[in-house]
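Trainee: Have a look at this one before I ask anything.
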Amino acid sequence: MRISWMGAVCLVSACGAVQAECDPGAEVAREFVSGYALRQEPAMVHIGRSTLVTESFKQSFSTAAMSRASDTDPVLGTQAVPSAVKVATCDAKSPWVTLAAADGSAFKVTVKVLNTPQGWRVDGAGAVNMPARAVAR
């Protein structure tokens, strides 16, 4: 079992229940989605400035945002976004983290995290840089 200082703090704080078997990447996934959902700037600007995502994610987000045929957000979908998210499922042996609404509403999003030389980063979320089978339903 690996728990970082950040993950251990999250276990006992209001940031959401991070399961003990989660890598610290689960907290990075939660932090990214929370920040993205509550951003005050356009999505492209927010993603471009983010240090929580890989370059691959940034490129895929740009492509997805440019090719969108509807108003559906490529990361969050058309769901009503809660004010707080928590880790619903994760596995230290897998890059997939599922986040859910902290208030119990139906919101769900799957995030792919990687441990890069720069630390844990989001490499996929929602429909961005994700295989169809991994998108939360």
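The values are calculated or read from the model by the stated rules, or taken from the named source; none is laboratory data. Fair warning: this is a prediction, and the values are worked out from it, not measured in the lab. Reconstructed Cβ throughout: ideal geometry from the backbone, glycine too, with neighbour counts over all protein chains shown. Just the protein is used for accessible areas: all its heavy atoms, side chains included, with ligands, DNA and RNA removed. Shrake-Rupley method; radii C 1.70, N 1.55, O 1.52, S 1.80 Å.
Trainee: Looking at (1) more than 12 Å from the chain's Cα centre (by Cα); (2) assigned to a strand (DSSP E or B), find the lone condition where Gly104 falls short.
Mentor: Failed condition: (2).
Trainee: Sticking with this one: Hey, among Asp103, Asp91, which residue is within 19 Å of Gly35 (Cα to Cα) and either open to solvent by 50 Å² or more (accessible area, probe 1.4 Å) or touching a helix residue (DSSP H, G or I) at 6+ places or on another chain (Cβ under 6 Å) (or both)?
Mentor: Working: Asp91 fails: within 19 Å of Gly35 (Cα to Cα).
When all the criteria are applied, what remains is Asp103.
Trainee: Take the residues in region 118-130 that are more than 14 Å from Thr98 (Cα to Cα), open to solvent by 10 Å² or more (accessible area, probe 1.4 Å) and not charged (D, E, K, R), then tell me which one is modelled with the lowest pLDDT. It would help to see each step written out before you state the result.
Mentor: Here is the first cut: in region 118-130, the residues more than 14 Å from Thr98 (Cα to Cα) are 118-121, 128-129.
Filter once more, so that each one left must be open to solvent by 10 Å² or more (accessible area, probe 1.4 Å): 118-121, 129.
Those left that are additionally not charged (D, E, K, R): 118-120, 129.
Working: Gln118: 95, Gly119: 96, Trp120: 97, Asn129: 92.
By that ranking, first place goes to Asn129.
Trainee: So for region 4-13 (the condition being modelled with pLDDT under 90, surrounded by fewer than 18 Cβ atoms within 10 Å (Cβ to Cβ) and assigned to a strand (DSSP E or B)), does at least one residue qualify? Talk me through it step by step, then tell me what you get.
Mentor: Initial filter on region 4-13 (modelled with pLDDT under 90): 4-13.
Next, only the ones that are surrounded by fewer than 18 Cβ atoms within 10 Å (Cβ to Cβ) stay: 4-6, 8-9, 11-13.
So of that shortlist, the ones also assigned to a strand (DSSP E or B) come out as none.
Checked region 4-13: no residue is modelled with pLDDT under 90, surrounded by fewer than 18 Cβ atoms within 10 Å (Cβ to Cβ) and assigned to a strand (DSSP E or B).
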